[in-house]
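Note sheet for the following structure.
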Protein chains: 2
Amino acid sequence: MAAGWPDKRFVDRIGTALPIVQAPMAGAGDHVLAVAAAAGGALGSIPCGMLTPDQAAAEVSAVRAASTAPINLNFFCHTLPPEPDEAAWRALLQPFYTEFGLDGPGAPPPLRRPFDTAMAGLVETLWPEVVSFHFGLPDRALLDRVRATGAAIVGNATTIDEARWLDSRGVDFIIAQGSEAGGHAGHFLGGDCAEAMGTFALLPQVVDAVSVPVIAAGGIADARGIAAAFLLGAAAVQIGTAYLRTPESRIFPKHREMLGSAAAEHSVVTNVFSGGLARGLRNRLVDAIGPIGRDVPPYPYASNMLGALRRAAEAAGDIGFSPAWAGQAARLGHDEPAEVLTKRLGREAMALLGDRQ
Amino acid sequence: MAAGWPDKRFVDRIGTALPIVQAPMAGAGDHVLAVAAAAGGALGSIPCGMLTPDQAAAEVSAVRAASTAPINLNFFCHTLPPEPDEAAWRALLQPFYTEFGLDGPGAPPPLRRPFDTAMAGLVETLWPEVVSFHFGLPDRALLDRVRATGAAIVGNATTIDEARWLDSRGVDFIIAQGSEAGGHAGHFLGGDCAEAMGTFALLPQVVDAVSVPVIAAGGIADARGIAAAFLLGAAAVQIGTAYLRTPESRIFPKHREMLGSAAAEHSVVTNVFSGGLARGLRNRLVDAIGPIGRDVPPYPYASNMLGALRRAAEAAGDIGFSPAWAGQAARLGHDEPAEVLTKRLGREAMALLGDRQ
């Protein structure tokens, strides 16, 4: 299957037909998407960063029941800061609470929690073939427990320094996540967002700087992007936004509609939904507070005060207060099932690259 | 010569051996660099945005005396705003004037002026094979005069909307300038800098959106980048920072040294040197005022107050107040003559792409 890929290290190690990782997208993709992407030949991913261990176990069981393909579990490794004073943030949001007839922020949505001993125990039980980490890595003891399961370990770098850091800690693959990527930028070494690097520049420099195969992410939504990533030195690609456009993703209808519209040409990096920097489409909250608001609590606390507001707005068909994550290549995608998308990407990329043989 | 390029529209129309444009870099590249790049097979460029018509004519004469290759003249098309109140900006700079023993800002450096009737007359005299415009296009009457000379007209887009705008005005080629690019981002339709697009996402969407061949720019400094740009749909590439590293460029020694160092991994988009958004390396002024300073006068006026300060600092071996432009792929370059660089890029990119034939 993989005969024509210029770099076979990913497919040889992971055992997928295609060097494509269906990106873990917390809140937007679950076992349904992972199974469909895996059926097409990609590595399916389960985003665990907003799940309890029981929920994560249930997701994995659902995948295992439907597929024999390898699976990737994705976890967050941020440092959870002390709970912030949210008075200024609440004051900014108060007019919206009033508009939607809410007494206040209401119950917070699930907090994004860093990988911990409970999740390490889960990995030891579930034996995922791949474990990927966002926002750095867990501490050495936890990482060693994951490594001991035999899982391939994937780290995420947004800078060349982060890639070197991950390489020095012995990960098996490094994602080079360019600034085109949708959702949260996985930076963790205190980088200045003014220095955010595009995939075209980041990828080859990471390839040159590290000893392990590199997975390209950010701005890749069609076969041209896959082929180009391989010529820049990638051994695989991670694709997110294109999978958001499949019927298997769990996104709000208005979000889906925006991804196929001119709005998708104008995504911005914003901190208003979580406190962390993440790329999404402009909506009312982004325009009112940000894109980068100064009184937004640090990641991941900002989302605490948005739960009721988001639900109330969505009930009215409005995603003005919901994150509509999108990468900059959203419009290169199509509305098609994840298995069809995956197979098409593989076939078309091989045609572009295969002519090289 | 060009048999192996997947898209030959650029080389067929312009007549260069290679589909490479040596980027015009005002202040950093002149006829010496253009002639050397052209000797290697690229399209050499003369940046005219900071030159008088007489200076531009002298540059072209020097190229014509040394080369029969086609030449590109580059002009700016910004709207010159009214002269701003510079009191707040001057107050910010006063401590630096004091530190360097200066009475004040001194004589301003050459102001970046938009393309005008005098320059159109020059084009009619000099018959450049290519004329490229940054920050939009001149008005229709001036553009028609340029077109009537037979010059191929090149516009620069930083967004898909800008590319459509240029296409509708009948340019012959459109540069898709990604956010990785060094120097000034050529945006002109009022785009929000929060929406700056990386080359990997911008290029294929521009290719899909317009009717003319696209020149990729931003993050391209080696053969991998050239090959990847072609797979993303480019018909040529424009390369700047890699040419800054050649001995033919006119940059301060410290700037040259930084381009080959880890500092080049940390470029930022800043407005402190001109008032316009431009990517360069961090230095003292960037860190003191920006990267994006709010009291910086609009483009191009900010540079007016920096001339004496820059000269005084440079005389002390310090480029803390000089723009050290750099794209995000600076470290992929090498210190080598422009002709050698050009030929190597062409040969290596052909090897990567030629295997496809």
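Only the coordinates and a few stated rules stand behind these numbers; no lab work does. Only a predicted model underlies this, so the values are computations on that prediction, with no experimental measurement involved. For neighbour counting, all protein chains shown are included, and Cβ atoms are generated from backbone atoms with ideal geometry for every residue, glycine included.
What is the local net charge at B:H184, summed over the other residues whose Cβ is closer than 10 Å to its Cβ (Lys, Arg +1; Asp, Glu -1)?
+2
Going by a ≥ b ≥ c, the root eigenvalues of the Cα gyration tensor, does the stretch A:268-313 fall in the rounded group (a/c under 1.5), the prolate group (a/b larger than b/c) or the oblate group?
oblate
So what's Rg/Rh here for the stretch A:1-95, counting alpha carbon atoms and using the Kirkwood radius for Rh?
Ratio of gyration radius to Kirkwood radius: 1.17.
So what is the relative contact order for chain B, in percent, with contacts set as C-alpha pairs under 8 Å and at least six apart?
Result for chain B is 20 percent.
In nm to one decimal, list the spacings between the B:S168 label point and its equivalents in the other copies, with label points set 7 Å along Cα to Cβ, shortest first.
Reported distances to equivalent positions: 5.2 nm.
Got the relative contact order for the stretch A:220-310 handy, in percent, Cα pairs under 8 Å and 6 or more residues apart?
Normalised by residue count, the contact order of the stretch A:220-310 is 19 percent.
When Lys and Arg each count +1 and Asp and Glu each count -1, what net charge do the other residues less than 10 Å away from A:F76, Cβ to Cβ, add up to?
It works out to a net charge of +2.
So what J values fall out for the stretch B:9-21 if you push phi through Karplus, 6.51 cos²θ - 1.76 cosθ + 1.60 with θ = phi - 60°, rounded to Hz, Gly and Pro as x?
Here the 3J(HN,Hα) series is 5, 5, 5, 5, 6, 8, x, 7, 5, 10, x, 10, 9 Hz.
By average Cβ neighbour count within 10 Å, what is the ranking of B:256-268, A:222-234 from highest down?
A:222-234, B:256-268
Report the far tail of the P(r) of the protein assembly as shown, meaning the percent of Cα-Cα pairs longer than 44 Å.
24 percent
Run through the stretch B:148-198 and list the GluC sites (Glu not before Pro) located in a DSSP loop whose Cβ has at most 11 other Cβ atoms within 10 Å.
Nothing satisfies the criteria.
Nearest 20 debye, what's the magnitude of the dipole of the stretch A:235-346 about its Cα centre given +1 on Lys and Arg Cβ and -1 on Asp and Glu Cβ?
Result for the stretch A:235-346 is approximately 80 debye, rounded to the nearest 20.
Quote the Stokes-Einstein diffusion coefficient, in whole µm² s⁻¹, for the stretch B:14-169, based on the Kirkwood radius over alpha carbon pairs, a temperature of 20 °C and a viscosity of 1.002 mPa s.
125 µm²/s
Using the Karplus curve 6.51 cos²θ - 1.76 cosθ + 1.60 with θ = phi - 60°, work out ³J(HN,Hα) for each residue of the stretch B:141-147 in order, rounded to whole Hz, and write x for Gly and Pro.
5, 5, 5, 5, 5, 5, 4
Just the number, please: percent antiparallel of the DSSP beta bridges in chain A, rounded to the nearest 5.
20 percent
Across every pair of different alpha-carbon atoms, what Kirkwood hydrodynamic radius in Å does the stretch A:172-241 reach?
12.1 Å
Just checking the output field for A:223-234: average partner chain Cβ neighbours within 10 Å of each residue's Cβ?
The mean count of partner-chain Cβ atoms within 10 Å per residue comes to 6.
Quick one: label points 7 angstrom along Cα→Cβ at A:A88, distances to the other copies in nm, smallest first?
Going from nearest to farthest copy, the values are 1.9 nm.
Tally the DSSP beta bridges in the protein assembly as shown and give the antiparallel ones as a percent, rounded to 5.
Antiparallel bridges: around 20 percent, rounded to the nearest 5.
Against the globular-protein guess of 2.2 N^0.38 Å, express the Cα radius of gyration of the stretch B:90-234 as a ratio, rounded to two decimals.
1.27
Can you tell me which of B:43-49, A:244-250, A:279-285 comes out highest on packing, and rank the rest after it, using the mean Cβ neighbours within 10 Å?
Top to bottom by mean Cβ count within 10 Å: B:43-49, A:279-285, A:244-250.
Between copies, how far apart are the A:A262 label points? List them in nm, one decimal, shortest first, with each point 7 Å from Cα toward Cβ, please?
Copy-to-copy label distances for A:A262: 4.6 nm.
Average partner chain C-beta neighbours within 10 Å, per residue of A:261-271?
Across A:261-271, the average partner-chain Cβ count within 10 Å equals 3.
Test of understanding: extend the Cα→C-beta vector of A:E348 to 7 Å, then name every residue of the stretch B:176-206 with backbone N under 18 Å from that spot.
In the stretch B:176-206, the label zone of A:E348 (backbone N under 18 Å from the point 7 Å along Cα→Cβ) covers B:200-206.
Would you kindly work out the equivalent ellipsoid of chain A from its C-alpha gyration tensor and give its semi-axes, the square roots of five times the eigenvalues, largest first in whole Å?
31, 22, 20
In the neighborhood of A:I174, defined by Cβ-to-Cβ distances under 10 Å, what is the net charge if each Lys or Arg adds +1 and each Asp or Glu adds -1?
Within the 10 Å Cβ shell, the charges total -2.
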